[in-house]
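S.K.: Just passing along the structure, written as structure tokens.
The values are calculated or read from the model by the stated rules, or taken from the named source; none is laboratory data. Predicted model, so just to flag it, every value in this text is computed and none were measured. All Cβ positions, glycine included, derive from the backbone under ideal geometry; neighbour counts span all protein chains shown.
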Amino acid sequence: MRPRLLAFVVGCACVAGVGLLPTDVAAAPQARGVPGTAPLEIAPPHGFVITKTLPGSTIPADLTFVYTRDEIYVPIGVRKPAGNGPFPAILMGAGNGHGGMPEVERQLERLGPMMERMIARGYVVAYAEYRNEIPYLYQKNPRSENLSDNISGGQRALKSNPTLDSDDYISIIQYLQLLPYVDKDAVGTYGVSHSGEVMEKAAAEITWGAAVPNEGAAHEFLNVDTGPNAPRRGTEIWFNDVEVARKFADKAFAMERIRRIKTPFLHVGRDRDAQEGIFRLVHEWMVEAGKDSTWVSFDHPVHGYGFIYTKADGSYQPDPIQQQVFDIVMQFFDKHLKHTHQTTGGR
């Protein structure tokens, strides 16, 4: 049986029961309207929050539905240190978005001890499930826009094209930046596999404190040819060699996006992974473009080894490589997210 929901709080960028949207709507994205008319205003990201306890923990989780660019809500879970902050924050995610809030709850429990070690270091920690990706949409369409209704009139918002999962990711980052207990200049992201690629796509559109893709599967970000001519071992596409990945990637496509990135990156590879060349190539092209990019890679048998899940008995037992990676990642976040200046956490 699931634990009882302890509270239901409706608010915006807060968990304290305040019910109005942020007043700084001018900072929010705007929709395209009818020529000669004022643009349609889009509300900034805000959240609907359910606070509950987690098994075996005294640190509650705020299960939150975050308002996105096209007016859909996506699920995240947020946990924080005691006190008012402002604290630095780390957004976590793994793979494609799927499973909704039940998956967020599952991951909060599986990653609970790891997250609590991050919270003990003074970080707000969140886990996100954006909507599932539409394969290859990123390579075909620009970011989605909302259109004002020029038929019925008024302030209705209409969709222009399908929404990218990276658009959801952007809304989630912006939501965290608006939380009153978060330092808006000190939000970091830590993602495994496709979640690593999502942050690379998002970083071409907005800037935040620091980003760590763990085996970031950046096939779409680099516009890699994964068709019938791509190298394979059995049914698996094989880009372990960075030089092979370079031959199949579209450098002009990738560099146009990489040049817009201002967020510092730490790329965590996996030596024998089938996609190691993809992970490495993103780093190399970031460095070539003059970006702040760091590379580390380890020989580990588990994909996404940077996320330290509890064992079957509920114990927290990182192996030596996992502990080393945890230390490296946290030192990277400490460097980029822990500031001496004070901010309000709002806009």
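S.K.: So, in the range 225-241, exactly how many residues are in contact with a Phe, Trp or Tyr (Cβ under 9 Å, 6 or more places away or on another chain) and closer than 30 Å to T207 by Cα?
M.R.: The number of residues fulfilling the criteria is 3.
Residues are listed down the side, and each one gets a yes or a no for (1) under 19 Å from I173 (Cα atoms); (2) in a helix (DSSP H, G or I); (3) more than 20 Å from the chain's Cα centre (by Cα):
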residue	(1), (2), (3)
A202	yes, yes, no
W208	yes, no, no
T226	no, no, yes
H283	no, yes, no
M286	no, yes, no
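S.K.: Given the criteria over 21 Å from G95 (Cα atoms), outside any helix (DSSP H, G or I) and not β-branched (V, I, T), does A218 qualify?
M.R.: So A218 fails the test.
S.K.: Across the range 249-280, what is the number of residues that are over 16 Å from D292 (Cα atoms) and part of a loop (DSSP other than H, G, I, E, B)?
M.R.: 7
S.K.: Name the single residue, out of those in the range 195-214 being surrounded by fewer than 24 Cβ atoms within 10 Å (Cβ to Cβ) and in contact with a helix residue (DSSP H, G or I) (Cβ under 8 Å, 6 or more places away or on another chain), that is nearest to I278 (Cα to Cα).
M.R.: For the range 195-214, the residue satisfying everything is K201.
S.K.: Continuing with this model, one more query. Of (1) closer than 26 Å to F298 by Cβ; (2) surrounded by fewer than 24 Cβ atoms within 10 Å (Cβ to Cβ), F239 satisfies all except one. Which?
M.R.: Here F239 clears every test but (2).
S.K.: Out of the range 105-130, which residues are surrounded by 19 or more Cβ atoms within 10 Å (Cβ to Cβ) and in a loop (DSSP other than H, G, I, E, B)?
M.R.: If the condition is that a residue be surrounded by 19 or more Cβ atoms within 10 Å (Cβ to Cβ) and in a loop (DSSP other than H, G, I, E, B), then L111, Y123, E129, Y130 are the ones that fit.
S.K.: In the list F239, F248, F221, which residue meets the criterion of being over 25 Å from R106 (Cβ atoms), among the aromatic types (F, W, Y) and modelled with pLDDT of 95 or more?
M.R.: None of the others qualify; the one that does is F248.
S.K.: Separate question: Go through the residues of the range 318-335 one by one and say whether even a single one is crowded, with 17+ Cβ neighbours inside 10 Å, among the acidic types (D, E) and in contact (Cβ under 8 Å) with a residue 12 or more places away in the chain.
M.R.: no
S.K.: Output the qualifying pairs, or none if there are none: Cβ atoms under 8 angstrom, residues six or more apart or on different chains, first residue in the range 53-67 and at pLDDT 90 or above, second residue surrounded by fewer than 21 Cβ atoms within 10 Å (Cβ to Cβ) and basic (K, R).
M.R.: Matching pairs, first to second residue: P60/K52; A61/K52; L63/K52.
S.K.: Quick one: in the range 87-104, which of the residues that are of a type outside the set (A, V, I, L, M), modelled with pLDDT under 95 and in contact with a Gly (Cβ under 9 Å, 6 or more places away or on another chain) is surrounded by the fewest Cβ atoms within 10 Å (Cβ to Cβ)?
M.R.: It comes out as E103.
S.K.: Residue by residue through the range 189-207, note down the ones that are of a type outside the set (A, V, I, L, M) and over 14 Å from K291 (Cβ atoms).
M.R.: Answer for the range 189-207, where residues must be of a type outside the set (A, V, I, L, M) and over 14 Å from K291 (Cβ atoms): T189, Y190, G191, S193, H194, S195, G196, E197, K201, E205.
S.K.: Taking only the range 282-318 into account, find how many residues are closer than 17 Å to G191 by Cβ and among the small types (G, A, S).
M.R.: Total meeting the criteria: 4.
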